[in-house]
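Novice: Let me begin by handing over the structure; questions about it come next.
The values are calculated or read from the model by the stated rules, or taken from the named source; none is laboratory data. Everything numeric in this text was worked out from a predicted model, so none of it was measured. Note: ideal-geometry Cβ built from the backbone for every residue, glycine included; neighbour counts use all protein chains shown. SASA here: full protein model, heavy atoms, side chains in, ligands and nucleic acids out. Shrake-Rupley method; radii C 1.70, N 1.55, O 1.52, S 1.80 Å.
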Amino acid sequence: MTFPPFLRHGPEGAALPLVLDSPHSGEHYPEDFDHVPPRAIVRRAEDTHVARLYRAATGVGATLIEATFPRAYIDANRSLVDLDPLLLADDWPDPVTPSRKTEQGIGLVWRIARGGAPLYDRKLSAVEVRRRIDRWYLPYHAALTMEIDALHRAFGVVWHINCHSMPAVGDANADDPGRERADFVLGDRDGTTCASAFTNLVAETVRGMGYTVAVNDPYKGVELVRRHGRPAERRHSLQIEIKRTLYMDEDSLEPTTGYARLERDLARLMAVLAGFVTDRAAS
Ligand SMILES: [Zn+2]
């Protein structure tokens with residue numbers, strides 16, 4: 001049996017048009033991921049625990065899709081053209097448009113580990129990068145798209161939350177190097193991927209729980225909200241970044257005492273969003 005590229009959870013009971021996805025919390029390291037730095041360093045690219053933190057969402061009728069594969073192996077929140085030709089030993093047959101993230105070594109296929117050490121002591125073949133796309137990336141995207149489309153067909157509207165976590169302080173490659181981040185950073189690509197009412201509701205709800213919140217600063221949202229957020233078609237997509245130090249030790253990745261509180265607060269947030277989605281879907 002082959003390892004599944006994603007896991008689908010819930011909904012328990014009647015489904016709401018609310019889909020969560022966690023593209024970066026995968027902890028299954030494929031055998032051909034022959035990274036040079038120690039696993040403990042490579043794992044710092046993960047949004048460890050994020051899918052687990054949101055599991056209560058299924059109890060209010062949401063569906064949760066989580067990637068099983070590691071972000072540093074292939075990043076489900078990057079575009080397929082965001083590829084570094086210098087990473088490859090041979091020609092890539094498709095067009096590429098490397099973004100600044102790829103130039104920094106953290107595009108579709110990461111070239112460096114967090115902290116800057118090269119991930120490989122060799123170039124990758126085009127065939128193996130293609131295999132990563134076909135085996136892991138595309139099935140993940142297909143599953144999420146199918147879920148969102150099915151709910152949109154059934155309800156005429158759908159809300160998607162793209163779930164992430166972030167280092168507490170921006171590193172040298174970040175847009176905010178050395179700056180302490182807010183507890184939550186919401187990204188709707190400057191108001192283009194979801195109705196502001198949804199972004200504002202999430203912001204107000206978590207602020208009411210005592211967290212600090214920033215919107216589109218420093219994270220605006222990347223490939224997944226860009227793909228799925230089309231508010232004019234009643235498809236709303238919001239990225240939520242949570243500061244890792246709220247729930248884990250950034251070096252060991254072990255949950256801290258804050259984990260339980262955050263998990264409980266996310267469950268409360270999901271209950272609030274379920275109420276909003278129920279009202280809006282009926283109107
Ligand atoms: Zn992430």
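Novice: Within segment 139-155, does at least one residue satisfy the condition of being β-branched (V, I, T) and buried (at least 16 other Cβ atoms within 10 Å of the Cβ)?
Specialist: Checking segment 139-155: at least one residue is β-branched (V, I, T) and buried (at least 16 other Cβ atoms within 10 Å of the Cβ).
Novice: Test of understanding: among I74, I65, I161, which residue is over 30 Å from A271 (Cβ atoms) and hydrophobic (A, V, I, L, M, F, W, C)? If you could, list the steps in order and put the result at the bottom.
Specialist: Values: I65 fails: over 30 Å from A271 (Cβ atoms); I161 fails: over 30 Å from A271 (Cβ atoms).
Step by step, each of I74, I65, I161 is checked, and only I74 is over 30 Å from A271 (Cβ atoms) and hydrophobic (A, V, I, L, M, F, W, C).
Novice: Look at segment 26-44 and say how many of its residues are closer than 11 Å to Y73 by Cα and aliphatic (A, V, I, L, M).
Specialist: 1
Novice: Please work out which one of (1) open to solvent by less than 60 Å² (accessible area, probe 1.4 Å); (2) over 18 Å from the mean Cα position of the chain (by Cα); (3) in contact (Cβ under 8 Å) with a residue 24 or more places away in the chain is the condition T256 fails and give its number.
Specialist: All conditions pass for T256, except number (3).
Novice: Ok, one more. Kindly indicate whether any position in segment 242-264 is touching a strand residue (DSSP E or B) at 6+ places or on another chain (Cβ under 7 Å) and within 19 Å of W159 (Cβ to Cβ).
Specialist: Yes, some residue in segment 242-264 is touching a strand residue (DSSP E or B) at 6+ places or on another chain (Cβ under 7 Å) and within 19 Å of W159 (Cβ to Cβ).
Novice: Determine which member of the set R264, R268 is surrounded by fewer than 16 Cβ atoms within 10 Å (Cβ to Cβ), in contact (Cβ under 8 Å) with a residue 40 or more places away in the chain, within 21 Å of the chain's Cα centre (by Cα) and not in a loop (DSSP other than H, G, I, E, B).
Specialist: Values: R264 fails: in contact (Cβ under 8 Å) with a residue 40 or more places away in the chain.
Within the list R264, R268, the selection yields R268.
Novice: Hey, any hits in segment 193-200 for a residue that's within 27 Å of G170 (Cα to Cα), surrounded by 18 or more Cβ atoms within 10 Å (Cβ to Cβ) and without any contact (Cβ under 8 Å) to a residue 40 or more places away in the chain? Outline the logic, then answer.
Specialist: To start, the set of residues in segment 193-200 that are within 27 Å of G170 (Cα to Cα) comprises 193-194, 196, 198-200.
Those left that are additionally surrounded by 18 or more Cβ atoms within 10 Å (Cβ to Cβ): 193-194, 198-199.
Subsequent filtering for residues that are without any contact (Cβ under 8 Å) to a residue 40 or more places away in the chain retains 199.
Scanning segment 193-200, I find at least one residue that is within 27 Å of G170 (Cα to Cα), surrounded by 18 or more Cβ atoms within 10 Å (Cβ to Cβ) and without any contact (Cβ under 8 Å) to a residue 40 or more places away in the chain, so the answer is yes.
Novice: Starting from segment 25-52, keep only residues that are modelled with pLDDT of 95 or more, then list their pairs with residues that are away from the ligand (no atom under 16 Å from the Cβ) and small (G, A, S) whose Cβ atoms are within a distance under 6 Å, requiring at least 6 positions of separation or different chains.
Specialist: Going by the 6 Å Cβ cut-off, the qualifying pairs are P37/A117.
Novice: Report yes if some residue within segment 76-93 is loosely packed, with under 15 Cβ neighbours inside 10 Å, in contact with a helix residue (DSSP H, G or I) (Cβ under 8 Å, 6 or more places away or on another chain), at pLDDT below 95 and not acidic (D, E); otherwise report no.
Specialist: Restricting attention to segment 76-93, the residues satisfying the condition of being loosely packed, with under 15 Cβ neighbours inside 10 Å are 85-86, 89-91, 93.
Add one more test, that the residue is in contact with a helix residue (DSSP H, G or I) (Cβ under 8 Å, 6 or more places away or on another chain), and what stays is 89-91, 93.
When the remaining residues are screened for being at pLDDT below 95, the result is 90-91, 93.
Next cut, not acidic (D, E) only: 93.
Checked against the condition, which is being loosely packed, with under 15 Cβ neighbours inside 10 Å, in contact with a helix residue (DSSP H, G or I) (Cβ under 8 Å, 6 or more places away or on another chain), at pLDDT below 95 and not acidic (D, E), segment 76-93 yields at least one hit.
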